[in-house]
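S.K.: Let me begin by handing over the structure; questions about it come next.
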Amino acid sequence: MSPVYCVTYVTGLYRGWSPTSVGVKYRGGTLPPSLRYDATGCVRFFYGIGVSVDRVWRQVRLVLVVGRGVSPTGRSGLTAGGTLLACVFFLFLGGCREDVPVASGPVYGCRVVGRYRHDVGAFTQGLVFEGGFLYEGTGGYGYSTVRKVGLTSGTVVQSRKLADEYFGEGIAIVGDRIVQLTWKAGVGFVYDKETFGLVKEFAYAGEGWGLAFDGVRLIMSDGTARLRFLDPETFEEIGGVDVHDDNGPVADLNELEWVEGRIYANVWPTYRAAIIAPATGEVVGWIDLSGLYEPVGFAADEKMPNGIAYDAEKKRLFVTGKLWPSVFEIELEKAE
């Protein structure tokens with residue numbers, strides 16, 4: 001019996017490297033991921049370098065494609081040569097992303113107690129709950145918004161689009177205003193919470209990722225292990241803390257939320273959220289978000305958890321992710 005063949009490939013993402021589901025243009029055709037053809041139309045051993053264009057990140061991605069024959073049962077994997085070629089390609093273009101170390105400290109699972117509709121086109125970068133509504137900041141060049149969303153309906157009741165040159169990031173509510181960061185522009189925006197009218201702009205150094213408000217200070221992440229503290233009126237940096245656990249610095253801190261005296265932070269690109277002591281930066285616990293939503297299909301690897309909101313009055317915790325179809329209300333359960 002002729003073998004089944006499988007094409008496997010990897011591509012560089014905007015930070016690090018990981019498998020992806022973007023098709024590859026090669027020899028006049030588009031190759032979808034994990035091709036399997038039987039003897040009547042099999043793909044022989046295949047390799048090549050292609051490109052894919054990502055409109056959200058405004059990038060051209062280099063793509064390495066390697067394939068091998070596998071048994072009729074569909075078991076597959078890279079050949080030794082293909083694996084070596086992939087590793088050389090990684091090293092040449094910046095290296096593979098290191099595995100996330102085993103979390104130290106308590107680990108909490110999630111029990112879903114509510115599920116609400118979420119716009120699958122929302123590339124969520126910031127999330128806040130207030131007055132029965134979710135306020136959401138979304139990203140993507142040409143797609144970034146700040147919006148007000150009905151929790152139970154999922155309906156966008158108010159929205160403001162950012163100019164195309166800005167990639168929207170984290171948001172926080174400070175009194176009657178909404179503060180929003182941008183990714184690489186070094187510019188933040190302050191809006192009137194009722195009208196969404198622009199009140200002012202402010203500048204900051206480096207990248208903007210997540211944002212939260214503890215009642216006194218704004219807390220800002222920038223993709224490193226550092227959290228900055230900002231004055232909510234002047235937006236000047238007034239302090240900060242380095243986040244760490246027993247394994248060392250915890251970097252790639254993304255969307256933030258202030259929850260009962262702790263900072264909750266999504267860690268990109270993982271299904272973990274860190275619970276951080278603000279005075280010391282110590283990670284005092286981890287939340288395992290795996291199993292809430294398992295994305296498949298196009299750009300599945302970009303649909304990561306990113307969005308934590310807290311209803312302080314009713315003690316409700318909400319989480320979602322980039323391009324997720326749902327917002328989940330969860331309760332934390334300590335893992336065995």
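S.K.: For the stretch 224-245: of the residues being among the aliphatic types (A, V, I, L, M) and assigned to a strand (DSSP E or B), which is nearest to residue 189 (Cα to Cα)?
M.R.: Keep residues of the stretch 224-245 that are among the aliphatic types (A, V, I, L, M), which gives 225, 227, 230, 238, 241, 243.
Still in the list and also assigned to a strand (DSSP E or B): 227, 230, 238, 241.
Details: 227: 19, 230: 14, 238: 19, 241: 24 Å.
Among residues in the stretch 224-245 that are among the aliphatic types (A, V, I, L, M) and assigned to a strand (DSSP E or B), the one nearest to residue 189 (Cα to Cα) is 230.
S.K.: Here's a follow-up. Filter the stretch 297-316 down to residues that are assigned to a loop (DSSP other than H, G, I, E, B) and of a type in the set (Lys, Arg) and give me whichever is farthest from residue 211 (Cα to Cα).
M.R.: Residues of the stretch 297-316 assigned to a loop (DSSP other than H, G, I, E, B): 297-299, 303-304, 312-315.
Within this subset, residues satisfying the condition of being of a type in the set (Lys, Arg) are 303, 314-315.
On the way: 303: 20, 314: 22, 315: 20 Å.
The qualifying residue farthest from residue 211 (Cα to Cα) is 314.
S.K.: In the stretch 124-176, what residues are crowded, with 17+ Cβ neighbours inside 10 Å, among the β-branched types (Val, Ile, Thr) and either without any contact (Cβ under 8 Å) to a residue 24 or more places away in the chain or out of contact with any Phe, Trp or Tyr (no Cβ under 9 Å at 6 or more places or on another chain) (or both)?
M.R.: If the condition is that a residue be crowded, with 17+ Cβ neighbours inside 10 Å, among the β-branched types (Val, Ile, Thr) and either without any contact (Cβ under 8 Å) to a residue 24 or more places away in the chain or out of contact with any Phe, Trp or Tyr (no Cβ under 9 Å at 6 or more places or on another chain) (or both), then 145 is the only one that fits.
S.K.: Sort out which residues of the stretch 246-262 are in a strand (DSSP E or B) and over 15 Å from residue 222 (Cα atoms), and write them in order of number.
M.R.: Step one: filter the stretch 246-262 for residues in a strand (DSSP E or B), giving 248-249, 253-259, 262.
Of everything in the stretch 246-262, those that are in a strand (DSSP E or B) and over 15 Å from residue 222 (Cα atoms) turn out to be 248, 258, 259, 262.
S.K.: Let me ask you something else. Quick one: is residue 306 modelled with pLDDT of 95 or more, in contact with a Ser or Thr (Cβ under 8 Å, 6 or more places away or on another chain), in the same structural domain as residue 190 (by TED's automatic domain parsing) and not hydroxyl-bearing (Ser, Thr, Tyr)?
M.R.: Values: modelled with pLDDT of 95 or more: yes; in contact with a Ser or Thr (Cβ under 8 Å, 6 or more places away or on another chain): yes; in the same structural domain as residue 190 (by TED's automatic domain parsing): yes; not hydroxyl-bearing (Ser, Thr, Tyr): yes.
Yes, satisfied.
S.K.: Mind listing whichever residues of the stretch 276-288 are closer than 13 Å to residue 227 by Cα and of a type outside the set (Ser, Thr, Tyr)? Break it down stepwise before answering.
M.R.: Start the filter on the stretch 276-288 by keeping residues that are closer than 13 Å to residue 227 by Cα, which leaves 276-283.
Scanning the stretch 276-288 gives 276, 277, 278, 279, 281, 282, 283.
S.K.: Also, I was wondering about something else. Looking at (1) surrounded by 14 or more Cβ atoms within 10 Å (Cβ to Cβ); (2) at negative phi, which one does residue 194 not meet, given that it meets all the others?
M.R.: Of the numbered conditions (1) surrounded by 14 or more Cβ atoms within 10 Å (Cβ to Cβ); (2) at negative phi, the odd one out for residue 194 is (1).
S.K.: Another one. Which residues, taken from the stretch 176-215, are in a loop (DSSP other than H, G, I, E, B), small (Gly, Ala, Ser) and either under 24 Å from the mean Cα position of the chain (by Cα) or more than 22 Å from residue 307 (Cβ to Cβ) (or both)?
M.R.: If we filter the stretch 176-215 for residues that are in a loop (DSSP other than H, G, I, E, B), which is where we start, we get 176, 183-186, 193-197, 204-210, 214-215.
Checking the rest, the ones that are also small (Gly, Ala, Ser) come to 185-186, 197, 205-206, 208, 210, 215.
Scanning the stretch 176-215 gives 185, 186, 197, 205, 206, 208, 210.
S.K.: State all residues of the stretch 263-292 that are aliphatic (A, V, I, L, M) and assigned to a loop (DSSP other than H, G, I, E, B); if no residue qualifies, say none. Before the answer, list the steps.
M.R.: The initial filter retains those residues of the stretch 263-292 that are aliphatic (A, V, I, L, M), namely 263, 265, 267, 273-277, 279, 283-284, 287, 289, 292.
The answer is 277, 279, 289, 292.
S.K.: Would you mind telling me which numbered condition in (1) more than 23 Å from residue 329 (Cβ to Cβ); (2) crowded, with 16+ Cβ neighbours inside 10 Å residue 266 fails?
M.R.: The single condition residue 266 does not satisfy is (1).
S.K.: Same structure, new question: Quick check, is residue 263 touching a residue at least 24 places away in the same chain (Cβ under 8 Å) and in contact with a Phe, Trp or Tyr (Cβ under 7 Å, 6 or more places away or on another chain)? Don't jump to the end; show me each part of the working.
M.R.: Details: touching a residue at least 24 places away in the same chain (Cβ under 8 Å): yes; in contact with a Phe, Trp or Tyr (Cβ under 7 Å, 6 or more places away or on another chain): no.
So residue 263 does not fit the description; no.
S.K.: Sticking with this one: Could you list, ordered by first residue, the pairs with Cβ atoms under 6 Å in which the first is in the stretch 274-285 and of a type in the set (Val, Ile, Thr) and the second is surrounded by fewer than 20 Cβ atoms within 10 Å (Cβ to Cβ) and part of a loop (DSSP other than H, G, I, E, B), at least 6 apart or interchain?
M.R.: 283/105; 284/105; 284/277
S.K.: Where the second residue is part of a strand (DSSP E or B) and the first is acidic (Asp, Glu) and lies in the stretch 293-314, which pairs have Cβ atoms under 9 Å and are six or more apart or on separate chains?
M.R.: Listed pairs, sorted by first residue: 301/18; 301/19; 302/54; 311/129; 311/130; 311/317; 311/318; 311/329.
S.K.: For the stretch 101-155, how many residues meet the condition of being of a type in the set (A, V, I, L, M) and either farther than 30 Å from residue 185 by Cα or outside the structural domain of residue 171 (by TED's automatic domain parsing) (or both)? Steps first, please.
M.R.: Initial filter on the stretch 101-155 (of a type in the set (A, V, I, L, M)): 102-103, 107, 112-113, 120, 122, 127-128, 134, 146, 149, 151.
Restricting the remaining residues to those that are either farther than 30 Å from residue 185 by Cα or outside the structural domain of residue 171 (by TED's automatic domain parsing) (or both) gives 102-103, 107, 112-113, 151.
Total meeting the criteria: 6.
The values are calculated or read from the model by the stated rules, or taken from the named source; none is laboratory data. Note that the structure is predicted; figures quoted are calculated from it, not measured. Note: ideal-geometry Cβ built from the backbone for every residue, glycine included; neighbour counts use all protein chains shown.
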